[in-house]
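Asker: Next up is a structure, given as structure tokens.
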Amino acid sequence: MKFESKLPHVGTTIFTVMSKLATEHKAINLSQGFPNFPIDPILEEIVKKKASENVHQYAPMAGLPVLLDQISALVYKQYNRKTDPQSELLVTAGATQAIFTTIQALVHTGEEVIILDPSYDCYESPVILAGAKPVRIPLNEHFLPDWNRIRSLVTNKTRLIITNNPHNPSGTMWRKEDMVELENLVQKNPNLLVLSDEVYEYITFEKKHLSVNYSEILRARSIITSSFGKTFHITGWKIGYIVAPELIMNEIKKVHQFLVFCVNSLAQASLAEYMNQVNVHELGQFYQQKRDDFRYQLKNSRFELLPCEGTYFQLASYGEISDENDVDFAKRLVLEHGVATIPLSVFNANGEDRKILRFCFAKDENTIQQAAEKLCKI
Ligand code: GLN
């Protein structure tokens, strides 16, 4: 049989490749972003209790009403934004499904979608599958948007700009000026929408996270994605949500109902109860401690640590150690030194290699210490 691939340039994601390599070589896995410590025992108890209740059949399409109410309350508490739980929120199977669904629902054949590099890997393929053109624009050397370049590449075909703040892989957070630039951009381009991927909204350190939720101008034109996987250390549950204005959300729901129809009911029922008992504002401090420990323990290594303002990723340059390309160096780090990381160039359409690796520090103390010991010997 002969057929043409719809995604000829797509292979296996770097997260699968590096995690597999880590397992095969019994390396410490600081590559794929996931916590390796237990979940909150309170959540564990709630799941056990909920599993014995009658919560095992299809949930309503947009989400369990009790969970939608909790999300609405959280968005109000955090950002002072009032949302109608029934028409402006959607529970999704993680942010990945939220992003895929949004792009399929809103982007037409022949339109363009701006993606800022280095970019998380699930943005581009849904654009191509929608028959649209991804326009990959590098961030500046500090991993912040290059607004002159963005402005010059917006055309009358640009439907969407995908933003990610706090940023994976760099851990950078947007400045006030960036939010103002984004506001100006949407105001000058009436057909432009923003897909604001804010899955690390609660994993922020010294600086305040500037969500598009704060801006009246941006709220009206944005689709915001969030992930309970990051916020509650449950990446394997694959559950998150979208916040968007009703008109846009109606279109997103049309796709959602045929992609998944609804999301895991036990997870939804459990989270609705858990959200009454947990304080998301402790998350930043929790991860700040881990970031600080990791940085402290790498202080005397030959890696040069870049700033980390949010997310659970730390970038480090290995320029002092080797001039190998980052993919080869990352592989050698697994094979010869027993630590798996993510090479940054894979997130760049132009393949730019700044000799930087991404380390995930969402790990228990012991893992961080063992990894740091190995890294300090290099
Ligand atoms: N978001 C995770 C990361 O950046 C990876 C999730 C996945 O494997 N798709 O590491």
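The values are calculated or read from the model by the stated rules, or taken from the named source; none is laboratory data. Note that this is a predicted model, so its numbers are computed, not measured. Positions of Cβ are backbone-derived with ideal geometry, glycine not excepted, and every protein chain shown enters the neighbour counts. Heads up: the accessible areas ignore ligands, DNA and RNA and are worked out on the full protein's heavy atoms, side chains in. Shrake-Rupley method; radii C 1.70, N 1.55, O 1.52, S 1.80 Å.
Asker: If the Cβ limit is 7 Å and pairs must be 6+ apart or interchain, which residue in the range 354-365 that is in a loop (DSSP other than H, G, I, E, B) and open to solvent by 10 Å² or more (accessible area, probe 1.4 Å) pairs with which residue that is among the aliphatic types (A, V, I, L, M) and within 15 Å of the ligand (Cβ to nearest atom)?
Answerer: If the second residue must be among the aliphatic types (A, V, I, L, M) and within 15 Å of the ligand (Cβ to nearest atom), the pairs left are Arg354/Leu344.
Asker: Quickly run through the range 238-252 and pick out the residues that are open to solvent by 10 Å² or more (accessible area, probe 1.4 Å), of a type in the set (A, V, I, L, M, F, W, C) and in contact (Cβ under 8 Å) with a residue 40 or more places away in the chain.
Answerer: Ile248
Asker: Can you find a residue in the range 136-151 that is touching a residue at least 24 places away in the same chain (Cβ under 8 Å), closer than 29 Å to Ala316 by Cβ and of a type in the set (S, T, N, Q)? Before you say what the answer is, go through the steps one by one.
Answerer: Taking the range 136-151 first, the residues touching a residue at least 24 places away in the same chain (Cβ under 8 Å) are 136, 138-139, 142-145, 147, 150-151.
Imposing the further condition that a residue be closer than 29 Å to Ala316 by Cβ reduces the set to 136, 138-139, 142-145, 147, 150.
From what's left, of a type in the set (S, T, N, Q): none.
No, because not a single residue in the range 136-151 is touching a residue at least 24 places away in the same chain (Cβ under 8 Å), closer than 29 Å to Ala316 by Cβ and of a type in the set (S, T, N, Q).
Asker: Could you check Val346 against (1) over 27 Å from Val199 (Cβ atoms); (2) open to solvent by 60 Å² or more (accessible area, probe 1.4 Å); (3) outside any loop (DSSP other than H, G, I, E, B) and say which number it fails?
Answerer: Unmet for Val346, out of (1) over 27 Å from Val199 (Cβ atoms); (2) open to solvent by 60 Å² or more (accessible area, probe 1.4 Å); (3) outside any loop (DSSP other than H, G, I, E, B): (1).
Asker: I've got another one for you. Considering each residue of the range 327-343, count those that are among the hydrophobic types (A, V, I, L, M, F, W, C), open to solvent by 30 Å² or more (accessible area, probe 1.4 Å) and either touching a residue at least 40 places away in the same chain (Cβ under 8 Å) or within 14 Å of the ligand (Cβ to nearest atom) (or both), and give that number. Walk me through it before giving the result.
Answerer: In the first step, residues of the range 327-343 are kept if they are among the hydrophobic types (A, V, I, L, M, F, W, C); the result is 327, 329-330, 333-335, 339-340, 342.
Narrowing further to those that are open to solvent by 30 Å² or more (accessible area, probe 1.4 Å): 327, 335.
Adding the requirement that they be either touching a residue at least 40 places away in the same chain (Cβ under 8 Å) or within 14 Å of the ligand (Cβ to nearest atom) (or both) leaves 335.
Summing the residues that are among the hydrophobic types (A, V, I, L, M, F, W, C), open to solvent by 30 Å² or more (accessible area, probe 1.4 Å) and either touching a residue at least 40 places away in the same chain (Cβ under 8 Å) or within 14 Å of the ligand (Cβ to nearest atom) (or both) in the range 327-343 gives 1.
Asker: Give the residue that is farthest from Tyr123 (Cα to Cα), with candidates limited to residues of the range 349-374 that are of a type outside the set (Gly, Ala, Ser) and within 15 Å of the ligand (Cβ to nearest atom). I'd like the intermediate steps shown before the answer.
Answerer: Of the residues in the range 349-374, the ones of a type outside the set (Gly, Ala, Ser) are 350, 352-361, 363-370, 373-374.
The next check asks that each one be within 15 Å of the ligand (Cβ to nearest atom); those that pass are 356-361, 363.
Details: Ile356: 22, Leu357: 21, Arg358: 19, Phe359: 21, Cys360: 21, Phe361: 24, Lys363: 26 Å.
Residue satisfying both the conditions and the ranking: Lys363.
Asker: Additional query: Can you report the number of residues in the range 173-201 which are within 15 Å of the ligand (Cβ to nearest atom) and either surrounded by fewer than 24 Cβ atoms within 10 Å (Cβ to Cβ) or modelled with pLDDT under 95 (or both)? Walk me through it before giving the result.
Answerer: First pass over the range 173-201, keeping only residues within 15 Å of the ligand (Cβ to nearest atom): 197-201.
Right, trim to either surrounded by fewer than 24 Cβ atoms within 10 Å (Cβ to Cβ) or modelled with pLDDT under 95 (or both) and you get 198.
The qualifying residues number 1.
Asker: In the range 151-191, what count of residues is obtained for those that are over 28 Å from Leu344 (Cβ atoms), part of a loop (DSSP other than H, G, I, E, B) and of a type in the set (A, V, I, L, M)?
Answerer: Qualifying residue count, the range 151-191: 0.
Asker: Right, next: Are there any pairs with C-beta distances below 8 angstrom linking a residue in the range 8-30 that is under 17 Å from Tyr312 (Cβ atoms) and modelled with pLDDT of 95 or more to a residue that is assigned to a helix (DSSP H, G or I) and not β-branched (Val, Ile, Thr), with the two at least 6 apart or on different chains, and if so which?
Answerer: Hits for this filter: Ile28/Ala22; Ile28/Gln370; Ile28/Ala371; Ile28/Lys374; Asn29/Met18; Asn29/Ser19; Asn29/Ala22; Leu30/Ala371.
Asker: Does at least one position in the range 224-236 carry a residue that is open to solvent by 10 Å² or more (accessible area, probe 1.4 Å), in a loop (DSSP other than H, G, I, E, B) and under 21 Å from Ala105 (Cα atoms)?
Answerer: no
Asker: Looking at the range 207-229, is at least one residue within 16 Å of the ligand (Cβ to nearest atom) and of a type in the set (A, V, I, L, M)?
Answerer: Step one: filter the range 207-229 for residues within 16 Å of the ligand (Cβ to nearest atom), giving 225-229.
Of the ones still in play, those that are also of a type in the set (A, V, I, L, M) are none.
Within the range 207-229 (the criterion being within 16 Å of the ligand (Cβ to nearest atom) and of a type in the set (A, V, I, L, M)), the answer is no, since none of the residues qualifies.
Asker: Follow-up question, since we're still on this one. Going by what's in this entry, would Val194 be described as part of a loop (DSSP other than H, G, I, E, B) and within 21 Å of Thr311 (Cβ to Cβ)?
Answerer: Details: part of a loop (DSSP other than H, G, I, E, B): no; within 21 Å of Thr311 (Cβ to Cβ): yes.
Judged against the criteria, Val194 is not a match.
Asker: Please indicate, with yes or no, whether at least one residue in the range 126-134 is closer than 23 Å to Lys157 by Cα, open to solvent by less than 60 Å² (accessible area, probe 1.4 Å) and within 16 Å of the ligand (Cβ to nearest atom).
Answerer: yes
Asker: Does the range 307-326 include one or more residues that are farther than 25 Å from Phe347 by Cα, over 22 Å from the mean Cα position of the chain (by Cα) and open to solvent by 70 Å² or more (accessible area, probe 1.4 Å)? Spell out how you get there, then give the answer.
Answerer: In the first step, residues of the range 307-326 are kept if they are farther than 25 Å from Phe347 by Cα; the result is none.
The answer is no, given that none of the residues of the range 307-326 is farther than 25 Å from Phe347 by Cα, over 22 Å from the mean Cα position of the chain (by Cα) and open to solvent by 70 Å² or more (accessible area, probe 1.4 Å).
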